Each structure stands twice: as C-alpha cells, then as structure tokens.
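Taking it in order: structure first as structure tokens, then the write-up.
The values are calculated or read from the model by the stated rules, or taken from the named source; none is laboratory data. These numbers were taken from a predicted model, which means no experiment stands behind them. Note that we place each Cβ from the backbone using ideal geometry, even for glycine, and neighbour counts take in every protein chain shown.
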Amino acid sequence: MADGNLTSRELMAAMMEQDQSGTDEVANRRRAVFRKAGRDARPTTFHGARAASRASQPAEELPDGSVTLHTVMNWSDASEDDTDDIIALARMGSSMAQRGQYGQSGRRPAGVAPRADEAESSPWSARFHMVIDGQSSFINNIDQFTTALEHRGSMLCETAGGRVTPVTHTMRMFTPESRPLARAIMRIAKAQRAAWNTLHDHARPMPQGFRPVELSEAQVAELVEATPRGALILVTDEQLNERPVQVTAERPDLHVRFERIDDKSTNTHGYRISMDRDILTTVRGEGRDYLLVARDGEQGEDAAPHAAQGASGKPAAAANEPSESADRTLEFVPANDDMVRAARTLQLVNNSFLSDADIALFDRTLLPDLTDSALNITVPTALTDSRVDTCQARFYIDVDTSAHAITCRALATYRDGEFEFDVFQANDEAAQAAEGAEPPLTRDTRMEQLMREAVLLFMKEPDAQCPEPYAKLSDGIRVRELLFTGLGALSAAGEVFTTPQIDRLMHRAPVRVSVKASMHSGMLHLNVTSNEIPANEISAVLDSYRRRKRFHRLRDGSFIDLNNTNLDEFNAFTEQYSISMTALDRGDVTLPLFRVFMLAQEGILEPDETLQKFIDGLTNIDPDAYEVPQSLHATLRPYQKIGYEWLNLLADKGFGGILADEMGLGKTLQVIAWLQYRYELQPDTLPSLVVCPASLVYNWNSEVERFSSELSPVVIESAEDWQRIETLTKAGKHVVGIVSYDLLRRSIDTADVFDWLAVIVDEAQMIKNPATQNARAVKRLVAEHRFALTGTPIENRPSELWSITDFVMPGYLGSQQQFRARYERPIMDGDSATAARLSAVMAPFILRRLKSQVLTDLPSKIEQVVTVPMGDKQRELYAAHENQLAQFITQADSLNTIGIQVLSELTVLRELCCDPGIIYENYDGRSAKLEAIGDLVQSNLEEGRKVLIFSQFVRFLDDIAAQLHAQGVKTYEITGKTNKKERLELVDAFNDPSSDVPVMLISLKAGGTGLNLTAASSVILADPWWNEAAQQQATDRAHRIGQREQVHVFQIVMRHSVEERIVQLQQRKAQVASMLLDAQSGAERAASGDAGAADMSTVRGLASLTKEDLLALLQE
C-alpha cells in the first residue's frame, strides 16, 4: 500500500504494541507505521520533564477553545442464540423460534449484550483523540491525560505543520462543546484506576502505552451524551470499519412489518415479523438509555462535514476495503424503559415466524411490550383481537399426610372464577356447565398446557399413589426445588395458595444468628442462638453455608434459604476469631476478654449487665481509685495524672496499651509514676524492663533516678548486667532494667528467660515492621503487663499500628493478613467508615493527647519554609544529574529492576542540594544552602536564641560546623558515632544557662527522638524530611515541656529542586510521600554513616511508585 494510505487495522496494530517491551524493534515498527500514516494519527505520550529529547522545550499554552475532542467507540456483538428469551419463545411453540422457509435463512438476529453476571468482558471499548490545528493525536493513556488536566501537566502533541511539542493541558484549551467529553474521560479514568487498584491491591502500576478503554454500559451512555455533535465514531466489525454515529432525539420508525403467510400446501398459517432497520443493541445508562439503530443505504442529514472522518484522519468509509455493511448509517436514539423493553422484544422476534396457534400467547406475553412503547409500531388488528378467553391460573399447594407428599391442584379459571377446570383432570362437570355460557367460552388451551408443564417441572404426574401432581417429602431435593424455586415460578404464571403445613416447611422470616456474652473467670463466654435454628443445629447450618449450598434442611424436615440469613456476618465472626464447629455444638465458646471491645463495636455482641459494666469501666475512670505515690519526686500535671490512671486501669483489667502522647508531654514520667505505684501495690514482685533506642538509655536511667528513690534502674550493656538484675530482685529491690533495641536483639535468649512485671517499649515505631528483629525480639518477652510509648503510632500505613498492638495485646487485631483485608486495604482506598471502625476498636487501648490540647501555657511554634536559589555551578551540576536520572527512569522497563540505582541517585540529588562538595571533592563553587544557614544562625544568635540544626547527612553537618567555626560560632555535635554517655553530657552542657556554645548539630537518626533540648528556641531543618512525623519529632526536641520561649522552625529548601517538589508532593499526594519515606530512609542511613545500607524492603517501597510519580519529582 502506498505511503500515506494507512489502514485502521495497521494503525490499531501499531498502537497496540506493548510499550513495556522497551525494544528498539517495537519502537522502529511504530515509527514506521506513523510515517506511513503521514503522522495523521500520532499517539500522544506523557511528557515528564527531561523524559524525552524535547524535554528542554517549554510547554506550549494553546489558545482557549482551540482543541476538539473525538470519541472512537468499539462494539462487538456478544449475544448468543440460546439466550433465556429464545428458550422462553420456544416454549410458546417451536414455529416461533424457527428461521427457515419464511425467515431469512442464515442470518442471526442482533443479540442483546450479555448481562454483567454472564459476560467475561465488556463488549464496549473506546479510544479518544484530539484535533489541534487540523492534526489528530490519539490519547494513548487516559490516566496520564487526566493527571495532566488536573495538575496543568504537559503531554507531547502534534500541532500545525506536523510539529510535535509539549502542550500544557487545561480544560480551557478545549472547545466548549468538547469540555463535557473531557470531564467524562476524567471520570472514566478515575473509575478505571480505582478498579485496577482494587483488582491488584495497589501491588502493580497500571499498564502504560496505548490500549482501548473497556466501558460499562453507563459509561457508554455518558460518552454518547458528552461527545460533541459529529465527533462520535463507531467500529462494529472485525475489519475495523469506522462509521460516524448520529445522536438523534427523534423516535425512530423501525418499519416493523407483519406479513401474512397462508401456505395450504404445508399447512402453514401465520405472520412473518421483520423490520427494515436493525436494533443492534441497547445501552442502559444511569440517567438516560439509548438504542443503537442501523439503517441501510442512506446518510444522516445532519452529519457534519468532519463526522465522516475515521480515527486515522481519512474518510471513514474509505479507511478500509469495502464491506457488506459499509453503507449502513448508525444512530443512538434516547429511550425510556418502555422503548428499551420493546427494542429487546423486537431483537428477539425479528425475522421470526408466528403461527396462528401462537397468536394468543403472543398477544398476552410479547405484544404489550410493543404496543405500550413510544416506538412507531403498527400491529395488525387480527393480532390484537384474540377471541380466546383470558385464563387465570391458580395453584393450591398442600401436604397429603396419608401419601407423605406435597400435592398441587392446578385450576384454570375464567371470567373471574365463574368457570374452573382442573388441568390434570377430565373436568366433565365443569365442561357441561360452560356449554351454556354467554358469550360462548373459548378456553386457552395453550395456557392450560403451559400450566401443566410448569407444575411437572417440579412434581411428578398423578398416578396410583396420588391422584394429583405430587412430591414425596422424603425426596429432599425435589421438595427443596418446589418450595424455593417452583412456588416462585408458579407465581409468575398465576396465583399460588399454600396451607400452614407448607408454610412450616419454609422459613420465610429472615434467619438471624445472635451472640449473647457474659464474663466468667477472666474470660469472655459466648452463647450463640437463633430465631429460626435450634441451638444444636447452628454448626450444621453454618457448614452448609461454607459449602456454598443454597438451602439447608433441618432435622424436622423444614428448609432454610441460606441467602436469607446473616450467616455471612456470623461466618466472618467465627473465622476471624477461630471458633470451631465443636465449640459451637457444645455451646461453650470462650475468647480472651479483650475481644469484648471489638465485638461490641462491630455490633456482633449482646453483653449481659455485668459485662456491660465492665466495658463501661474502661471509659469512666474513678479519679480517686489511683492515688499518685507520695514518694514520687514530681508533681503530675492534670493530663499526666489521667495517663497514670489509664495505665493502672488497663493493668488491673489485664490489658496492655499504647501511650501515644505527642512528643514532649512527659510519657516517661507517667510510666515511672505507674511503675512506682505497681511496686508499692506488690512489694515482692518481678523486675521490669524498658526497651528504647540506644540514644535514650541513659536518659531513662537519669529520669528514673531523678523521679523515684524506690526504683532501682539498671543500664544493661553486658551479660553481667542481666545477672545484676536477678541479684537485686532477689535482694528485694524494685528493679527497672533499661536496654537498647540493638542489645536486646543480641541477648534475647537471656532476656526471655526472665519473667517480667512489665515490659515498656519506648519509641515503639521501632517495632512498626513485624518482620524486623526488633519486633520479633520484644514479642518474645514474657510479662504481666505490656505497654508501648510513641508519639507516632502510625507514620505510613495502618499495618504499623497492627504491629505495635500485636506486642501490647497479641491477637487483638487478628493476624496480619486478616488486618490487611479487614482494615488496611479499605482504609488505603479511602474508606472513612472502616477508618472510623478501627479507631473505635482501638479507642480503649490508645491514649493520645496533643500539646495544643493540654499545654495551654506552652509557647507557640512558628514554622517557615526558606527557599534558596542555587548558584550557577551548583545548578549546572544538579541539572546534569537530574537529566541523567530522568532519562534512566524513562527508558527502564520496570522500577523493580532499577530500585537500588534510583535510590542512590535520589540521594545524590539531595546531597547536591546541600553542598556539591559532598559529592565532588574538587568542587570550587559556592553552596547556597550553606551560606543561607550561616546567615540564619547569625541572625538568631544576635536575637539571643540558641539554635538546633538537623540534617540527614553527617558530611553536611561537618560542612555546617566548618562554616560556623569560620564565623566564630562554637558548636556541639551529636551523630551516630556519639556514644550514649557522651550524648547525655552534651545535652546537659547545651541546656546549661552558663554554656557559651549556642549551636547543636544533630543527625536525624542519632537525635531525632528522646532528646530534651529546651535551651534552644530556634530549629533549622537543613534538608527536608520525607514525612511530617519525622519532621515533628525533630522540632519537638525544643518545643516541649520546659520551653519558655516561642520556638521558630526554619526549613531550608532549594528552589527548583527535588527538595521543593517533595514538599509540594507531601501536600498533594501523601501516599506517595509515605512510600518515599520507606525508600529514602535506607539510602540516607547509608550516606550518613549512621546505619547500614538500604535493604530489599527499601527497594520494594520504591518499586511501589510509578514512573510518573518519580518523574514528577524531577520536572520543573
């Protein structure tokens, strides 16, 4: 074929090439095809900055109203000949379903699109293209198109003269007629994204590259209504013939013909039904329905000149070789329910033969659909003037105790019951009575035959055992089908009357299983009951439900419809809490007492009076129940006393908990007061253990010694210290061991030999990942009481809360897999109801207060982002690395294979923002950030403020120290190399009012938690954090109890860099920022020297991002 004459099939084949392959062969093949098309149908591609060679071009702003949107819709006829409707027709008479001598042999009627529960995939799909200055460009990914529109992003598009350039996408660039279509595409893209994430559980990114978008019927209707006049194209066959589709408000004249046939030679008498125009399918929308109608041999009068163009930019009829249907005109016609019903009936009967014997049945069943609609259909009067009397069917169902069977008396009644005929009996007397009827009675023999057939579908014919149709009670399957399917089928044909004996075999009322609860011996005891099921049969009914049976027969012979029960809730309850069938049969179901709160919140439980008082007791604390020990060397603030009482209440009831007060509210003091009280209550008891980060070990030791003379703190640094705990305990001392997470991991075999009174984990976010050695070690410890302290119980995902809760109360939230299915996945998908339910379930066991709520005397905190432009040399180096990374990401097949490299390069970009000298030893340019920090420190010192400076890079802290020393400013420094004792000494020295050292330099991992540095009233965050929680922890070193001055927080961010865009990303896309937190933390630890390099979990966190997410961090 000559160049420029590209067929739609060739174009589609090129567009359908998988972009993921990444091979030069595919790229060359696609370029060749587009060259052949004269570039009339170039696909758009998402344009991230520097993602292609044109990335350096500024995005073009198109004039308002200059772009037209077109829709190319694909529809495949997915109907089957053996639909339920055809079967129904066949029952009326075989002649009705024949396509033979008097039909068009071999031509299958257009079918109804499959129902949602039958179809494997939608018969509808669509693609879209934009026309800019006469050039047509496919939108090859509507998800990226939507992103560009929402955020004024850019995509590569072809404009006048075949020039391909980045175009900034806004809603204003479209013509007013195209804007509704643009909004419809955005809604469809969001629905597609949500469906993909639900199907793949956020584990896989959506595929990139061109692919048609599958549509639901509602989305088809939305597009039909939104597409501009003359801009809708339809592809309906395998040859990809494209034809314009008109949307008309006129009621179509379908030219339905009823042709009379009387052929005496074959004894054939009746009507052949046909119509000149085909109803291809019906579309049910949410607001409006449509019929898709085809007309032969004519063009729509209102077709716009450009409407005849196909997606390839050529006339639709010429886009492919001619086909037998190329001259057909298509229309979408708005329809109401009556029209849709009539259309589907016409689809069914088109090209069918209706015999005279079937006219009465046709008159009663199908004809009303045609005559009651708004379609222009003329029906011969011979079909509407049926002379057969109307038959009313009545079925009387009873139990014959002598025959041990269910029987049926089927009566065909006429003229409001004046005449009755038993369709299974001779009816001699009834026939004689009808002979004198005026006007003469004509029985509907077809209807009476249908009644017989309907009854015999579910019952046996009368015989010597029973004179009426019957079903033996011992035949469970037949009885079940009769009761739950047959009665409904008979009701469709007429009236059904049942006796009380029949009603007792069917449990019509909804079956409800309930759980009543009581408390005995510290356990939760459950009594399972039901309104319709005997207690000793509940487990058998549940077993039938689990086997996916529809019905269950009880021992008394009655049936339960398992679809009419709450067994789905009860089954989930038994599976979640591992309740066995044996326990249900015994009626002895016991659970840990803490389960009562979850069950009560979920509406499963009906607690008795005693248990309800127990539940209420956790929310109403008696203020006089727990006096603060007089030997405590501190006065608790009111909110701290509440926390102390809450800890005691949970301990008395045998529960653990999470004290999640905001940083700086004195969680340590509340725990020390609680420990003091427990040891006064139980003088001869076990030791306790505090597990905390290494940087806080001596801080805990100092606080215990400061606030309590009754407790004996032991810092654990060697095997001898474990022995010392045992010795002091035997001597009657109230020992509080203090150990770091690192040392506990190494000596867990020694630690888990002890029985502990209490195990307290501080900075419990250290065990947020249940797979880590930290989490596994602390969960091995045996203790009467377990509590967790953290200011950030959830940093990134709800599963972090599960891991901490699994320590304080193992099993409370179920297994990790159950928690993910029940809570995490819905919450991550934005389900606020599930989030509220989880909050309610955890409410008794989490206590969280904010400084803004309880410290009204705490000075305010002022936060400010300081944006700094780069110098020329710094900008040049940064841009080179950023371009290289963008190109590397764009060309990669999958992020899974390049995770480590991307991680490393992102860290390099952040270090270049700080000081290029960190990367390049021979760098002789200036560091704009270093200069800004020096100026900021100087201005704060002039105002008499001490300053804390945080960075995630130790090498940058060294540069800052050198800069400040050159300015004559003294500094202290805490990094991962600073030992525990020295940290405490440095903190005390810095907080000393007589100290002449005004600046403390701190690395994130070494000093982000646990330090009290209230001598400082200014905090400088030298490089931005990836989540708000970590940033808050750093600023809380100064903004906490004991601070008397207003705290100023300065965040230094380099302009037009990854730093600036990650701050913006935190506001726009919190979920991506959370994933970046996981990915970045490992690289930053490796770069700073504070910890080991990134592990594979870090790479998996990065792999959960898409290319677009990463490129968004790199583009201007």
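Applying the selection to the range 415-427, what residues are more than 60 Å from the chain's Cα centre (by Cα) and within 16 Å of T442 (Cα to Cα)? Of everything in the range 415-427, those that are more than 60 Å from the chain's Cα centre (by Cα) and within 16 Å of T442 (Cα to Cα) turn out to be E418, F419, N427. Scanning the range 851-885 for residues that are modelled with pLDDT under 85 and either loosely packed, with under 12 Cβ neighbours inside 10 Å or in a helix (DSSP H, G or I) (or both) gives K851, S852, Q853, V854, T856, D857, S860, I862, Q864.
Summed over the range 544-582, residues that are touching a residue at least 24 places away in the same chain (Cβ under 8 Å) and among the acidic types (D, E) total 2. Remark: V761 matches the filter, which requires a residue to be crowded, with 22+ Cβ neighbours inside 10 Å, in the same structural domain as L686 (by TED's automatic domain parsing) and within 26 Å of I725 (Cα to Cα).
The selection criterion, being among the polar types (S, T, N, Q), part of a helix (DSSP H, G or I), assigned by TED's automatic domain parsing to the domain that holds T668 and within 20 Å of Q682 (Cα to Cα), holds for T727. Considering the range 701-718, the residues that are touching a Ser or Thr at 6+ places or on another chain (Cβ under 7 Å) and of a type outside the set (S, T, N, Q) include one that is farthest from K981 (Cα to Cα), namely E710.
The set of residues in the range 530-542 that are assigned to a helix (DSSP H, G or I), among the hydroxyl-bearing types (S, T, Y) and under 15 Å from N564 (Cβ atoms) is empty. Of everything listed in (1) without any contact (Cβ under 8 Å) to a residue 60 or more places away in the chain; (2) crowded, with 22+ Cβ neighbours inside 10 Å, the single unmet condition for L1021 is (1). Answer with yes or no whether R443 is of a type in the set (K, R), surrounded by 14 or more Cβ atoms within 10 Å (Cβ to Cβ) and not in a loop (DSSP other than H, G, I, E, B). In short, no.
Screening H520, H525 for residues that are exposed (fewer than 13 other Cβ atoms within 10 Å of the Cβ), closer than 30 Å to K613 by Cα and of a type outside the set (D, E, K, R) leaves exactly one candidate, H520. Selection of helices (runs of 4 or more DSSP H) fully inside the range 918-1016 by the criterion of at least 3 residues being closer than 24 Å to V697 by Cα returns 980-991, 1004-1007.
When D475, D428, D416, D444 are screened for being of a type in the set (D, E) and either under 27 Å from D561 (Cα atoms) or assigned by TED's automatic domain parsing to the domain that holds N531 (or both), only D475 passes.
Of all residues in the range 648-685, those being out of contact with any Ser or Thr (no Cβ under 7 Å at 6 or more places or on another chain) and in a loop (DSSP other than H, G, I, E, B) number 14.
Criterion applied to V541, V513 was being on the phi < 0 side of the Ramachandran plot and in contact (Cβ under 8 Å) with a residue 40 or more places away in the chain, and the one residue passing it is V513.
Out of A493, A431, A489, one residue alone is out of contact with any Leu (no Cβ under 9 Å at 6 or more places or on another chain), among the hydrophobic types (A, V, I, L, M, F, W, C) and under 19 Å from Q392 (Cα atoms). It is A431.
Under the condition of being among the hydroxyl-bearing types (S, T, Y) and in a helix (DSSP H, G or I), the residues counted in the range 743-757 number 1. The residue list L689, L696, L611, L681 contains one member that is of a type in the set (A, V, I, L, M), within 30 Å of T975 (Cα to Cα) and modelled with pLDDT under 90, which is L696.
Taken together, the criteria exclude S718 from residues that are modelled with pLDDT under 95, crowded, with 21+ Cβ neighbours inside 10 Å and either within 46 Å of the chain's Cα centre (by Cα) or of a type outside the set (F, W, Y) (or both).
Remark: pairs (first residue in the range 831-848, over 16 Å from L649 (Cα atoms); second residue part of a helix (DSSP H, G or I) and polar (S, T, N, Q); Cβ separation under 9 Å; 6+ apart in sequence or on different chains) = R837/Q601; A840/Q601; V841/Q601.
Count of the range 244-290 residues, restricted to those that are in a strand (DSSP E or B), within 25 Å of R187 (Cα to Cα) and of a type in the set (S, T, Y), is 3. For the range 900-913, the count of residues that are surrounded by fewer than 19 Cβ atoms within 10 Å (Cβ to Cβ) and among the hydroxyl-bearing types (S, T, Y) is at least one. Per the listing T750, T685, T772, the residue uniquely within 24 Å of E627 (Cβ to Cβ), polar (S, T, N, Q) and surrounded by fewer than 20 Cβ atoms within 10 Å (Cβ to Cβ) is T685. Screening the range 461-519 for helices (runs of 4 or more DSSP H) wholly inside it with 3 or more residues that are more than 27 Å from Y414 (Cα to Cα) returns the ranges 476-481, 500-505.
Inside the range 958-1002, residues that are of a type in the set (A, V, I, L, M), over 23 Å from S695 (Cα atoms) and touching a residue at least 24 places away in the same chain (Cβ under 8 Å) make up a count of 2. Of all residue pairs spaced 6 or more apart or on separate chains, those with beta-carbon atoms under 6 Å, a first member in the range 914-929 that is farther than 12 Å from D1023 by Cβ and a second member that is part of a helix (DSSP H, G or I) are P916/Q874; P916/L877; I919/E911; Y923/P916; Y923/G917; G925/K873; G925/Q874.
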